[in-house]
Amino acid sequence: MSNVKIALDIMGGDHGPHVLLSAAEKSLQIYPKLHLTICGHPSEYLDFKSSLDAKTFARVDFVECDEVVTMSDKPTTALRQKKHSSMRQAINLVKSGEAQACVSSGNTGALMAMAFYVLKTLPGISRPALISWLPRGQGKKVLFLDLGASVNCDAEALFQYAVMGSVLAETCSHIKAPKVALLNVGEEDIKGNTLVKHADQLLRDSDSINYIGYVEGDQIFSGEADVVVTDGFTGNIALKSSEGIAKLVINEIKQATTETLFARLLSKLALPLLKKLYQRMNPDQYNGASLIGLRGIVVKSHGNASADACFYAIKQAYEEAENAVPDKIKTKIESVLMEH
């Protein structure tokens, strides 16, 4: 296997550069073929740089960046005025081929705008999509897209999302003929709006996708589909709603297990089961939303992510780069276009 080169924008995120640098250190230890380019202000990575041993230091490059894209910057402002920012430099490295992927936990809108402007979409792709893994039944994962890259789209875009999601599931999770579904308000053919019905017909007419029809919101996590497709508006609401429910359940469990002495005793007895359940549902391992459909790999880490969660974002970028996901999406899209 050849080296995998990833550019890391360390200046975004809510907790500061040290979180991403900690994740970078862990990634370098686990993946011997990983080469990182750290993009940020020298004062932020000085300690990290001095802590590396000679062997690891040879696998890390540094790009000095004086500008930072803040969370309050509008995408258009960041695009026009922050051309020397750490975020822009990381994307530029992917454009030039000096990196195969970039990872950032910075401003999502700015990242999408910059990536779209600099990298452009693959031939046959009208717009990129944000996609992420979510937990589902039987200890498996489901790919869900779009998470908000495009709040308005047409049926053709949904069809393209299905193709890209299928390629990612097959390539990175080694799922043969991934089952793809459209998110709808019901499973029956008569349900849904014009957009969903048109996309449903496009998918039924294609032999390139293992399309299984509609799923409802409560079936995203049930295990029926490997890939669930929807528009960015609906997808973002569904994602944020599920995150809110997960936080509510965790907080309620914590409160319930400390209310009385009996509850505290029961919680200790149930601790092994609770730990096992938490390890399966731990949100850290689902951090890292990929902006797919571009001529390069861009992974967005959650702004509030911990070091462990940031590691999973780097891991996602590593796996996509190792498996040349953009090239495989390009090949798949070309074959689908010929089918049309």
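Numbers below:
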| quantity | calculated |
| --- | --- |
| Length gained when the stretch Ser43-Ser335 is fully extended (0.36 nm per residue, less Cα-Cα span) | 100.3 nm |
| Portion, in percent, of the accessible area of the chain that falls on carbon or sulfur, probe 1.4 Å | 54 |
| The chain, accessible area per residue, ligands and nucleic acids excluded (1.4 Å, Å²) | 49 |
| Separation of the Gln255 and Arg80 label points, Cα + 7 Å toward Cβ, nm | 4.7 |
| Helical mean residue ellipticity (222 nm; -39500 (n - 2.57) per DSSP H run of 4+; nearest 500) of the chain | -15000 deg cm²/dmol |
| Sites Glu64 and Asp327, calculated FRET efficiency, Cβ-Cβ separation with R0 41 Å, nearest 0.05 | 0.85 |
| Estimated inter-spin distance, Lys191 and Leu266, nm [label 7 Å along Cα→Cβ] | 3.5 |
| Which label in (i) 25.3; (ii) 20.9; (iii) 22.4 gives the computed Kirkwood radius over Cα pairs in Å | (ii) |
| Span-like helix ranges in the chain, DSSP H, alpha carbon extent 18 angstrom or more, Kyte mean at least -1.0 | 17-30, 155-172, 232-256, 307-322, 325-339 |
| Relative contact order (%) - criterion: Cα under 8 Å, at least six apart; region: the chain | 23 |
| Sites Ser2 and Lys95, calculated FRET efficiency, Cβ-Cβ separation with R0 25 Å, nearest 0.05 | 0.80 |
| R0 of 25 Å, Cβ-Cβ distance Thr56-Ser306: FRET efficiency to nearest 0.05 | 0.65 |
| Dipole moment magnitude, nearest 20 debye, the chain about Cα centre, only Lys, Arg, Asp, Glu C-beta charged | 640 |
| Radius 12 Å from Cβ of Leu158, net charge of other residues (Lys, Arg +1; Asp, Glu -1) | -3 |
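The values are calculated or read from the model by the stated rules, or taken from the named source; none is laboratory data. Quick caveat, the model's predicted, so the values are computed rather than measured. Neighbour counts are summed over all protein chains in view; Cβ atoms, including those assigned to glycine, are modelled from backbone coordinates with ideal geometry. Accessible surface areas use protein heavy atoms only, side chains included; no ligands, DNA or RNA. Shrake-Rupley method; radii C 1.70, N 1.55, O 1.52, S 1.80 Å.
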